[in-house]
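Q: One structure, pasted below without further comment.
The values are calculated or read from the model by the stated rules, or taken from the named source; none is laboratory data. As the structure is a prediction and not an experimental result, all values here were calculated from the model. Glycine also receives a Cβ, built like all others from the backbone with ideal geometry; neighbour counts cover every protein chain displayed.
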Amino acid sequence: MINKHPYIVAVVSGALFGATAMLAAIAVSAAPKVATDSTSLTSADLSAFGGAIVGAIVGGVIAYFLQMSALRAQKSEREQKDRQERQALAHALVFKMLSMVNNFAHFKLHVEECQSRVIAASGHTENPATYLLPIINLPMPVQLESAEMGMLLSLGDDRALNSVLEAAPIHNSILPAWAEYAVLRSEINAMMPPLIDMATGIGEVAFQQGSPVAVKFFEANQMAQQLIERATRDFAEASDTLKA
């Protein structure tokens, strides 16, 4: 533990050392005269006493400056370590934000490509479940660490903090939606495989209203529409967050 009062400790230590030296000097100088005068102090004794005091002060001052230099060095080392840790947290957070924005961009591009194909083939984008293909190999969820949030909080930018806190849940919540859509669409394809082109995802559907496949198609159609809307909105919001 670093002493908070190095000067006081140094002076006290020096004084004790000086006093000990002074007593030793008195004892040595007084030893031959014990039989005649054991109580009086000679000029040599006073000189030894003064030298001890001066030595204590000089030793204390030297110790003070040495300890202050050591304290400054330790403080500088701690500050440098803190800066390095904050930089590492900032880099990790930026990497995660870039990863989420990249995933949102991929979702948006996927939706636009599916829409372009169906527009080229039929001229319309009705019933998105007939042309919106599932996404293969979905990315992993992004987890934000408390240390990263603490670093961002210390910057005092509430807008950036709130945006980052919202980005991860939005990113992670859309992943299971795409996975569920893929399962639902596969079930529909299995129930009427000849009607939808598995290569392009474009096809026509014909089923009886109220039938099980009609219910599944309605559900898939609603989910596809939400995924299309989310693809554009999520990418725009994540991009704004990264710019902030």
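Q: Which ones in region 74-113 are more than 20 Å from Gln222 (Cα to Cα) and of a type in the set (Asp, Glu)?
A: Glu77, Glu79, Asp82, Glu85, listed by residue number.
Q: Now a separate question. Do you know which residues across region 112-159 are crowded, with 16+ Cβ neighbours inside 10 Å, of a type in the set (Val, Ile, Thr) and in a helix (DSSP H, G or I)?
A: Those that are crowded, with 16+ Cβ neighbours inside 10 Å, of a type in the set (Val, Ile, Thr) and in a helix (DSSP H, G or I): Val118, Thr130.
Q: Answer yes or no: is there a residue in region 68-77 that is among the basic types (Lys, Arg), at pLDDT below 75 and under 37 Å from the mean Cα position of the chain (by Cα). I'd like the intermediate steps shown before the answer.
A: So in region 68-77, the residues among the basic types (Lys, Arg) come out as 72, 75.
Still in the running and at pLDDT below 75: 75.
Cutting the leftovers down to under 37 Å from the mean Cα position of the chain (by Cα) gives us 75.
Within region 68-77, one or more residues are among the basic types (Lys, Arg), at pLDDT below 75 and under 37 Å from the mean Cα position of the chain (by Cα).
Q: Then there's this: How many of the residues in region 155-173 are in contact with a helix residue (DSSP H, G or I) (Cβ under 8 Å, 6 or more places away or on another chain) and of a type in the set (S, T, N, Q)?
A: Total satisfying the criteria: 1.
Q: Could you figure out which of (1) at pLDDT 90 or above; (2) assigned to a loop (DSSP other than H, G, I, E, B) isn't true of Phe207?
A: Here Phe207 clears every test but (1).
Q: What number of residues in region 102-135 are farther than 18 Å from Ala177 by Cβ and hydrophobic (A, V, I, L, M, F, W, C)?
A: 4
Q: Then there's this: Looking at (1) out of contact with any strand residue (DSSP E or B) (no Cβ under 8 Å at 6 or more places or on another chain); (2) surrounded by 15 or more Cβ atoms within 10 Å (Cβ to Cβ), which is the one condition that is false for Leu109?
A: Of everything listed in (1) out of contact with any strand residue (DSSP E or B) (no Cβ under 8 Å at 6 or more places or on another chain); (2) surrounded by 15 or more Cβ atoms within 10 Å (Cβ to Cβ), Leu109 misses just condition (2).
Q: For region 114-134, state whether one or more residues are of a type outside the set (Val, Ile, Thr), over 18 Å from Ala220 (Cα atoms) and within 29 Å of the chain's Cα centre (by Cα).
A: Within region 114-134 (the criterion being of a type outside the set (Val, Ile, Thr), over 18 Å from Ala220 (Cα atoms) and within 29 Å of the chain's Cα centre (by Cα)), the answer is no, since none of the residues qualifies.
Q: Considering only region 164-193, state which residues are under 25 Å from the mean Cα position of the chain (by Cα) and not β-branched (Val, Ile, Thr).
A: Answer for region 164-193, where residues must be under 25 Å from the mean Cα position of the chain (by Cα) and not β-branched (Val, Ile, Thr): Leu165, Glu166, Ala167, Ala168, Pro169, His171, Asn172, Ser173, Leu175.
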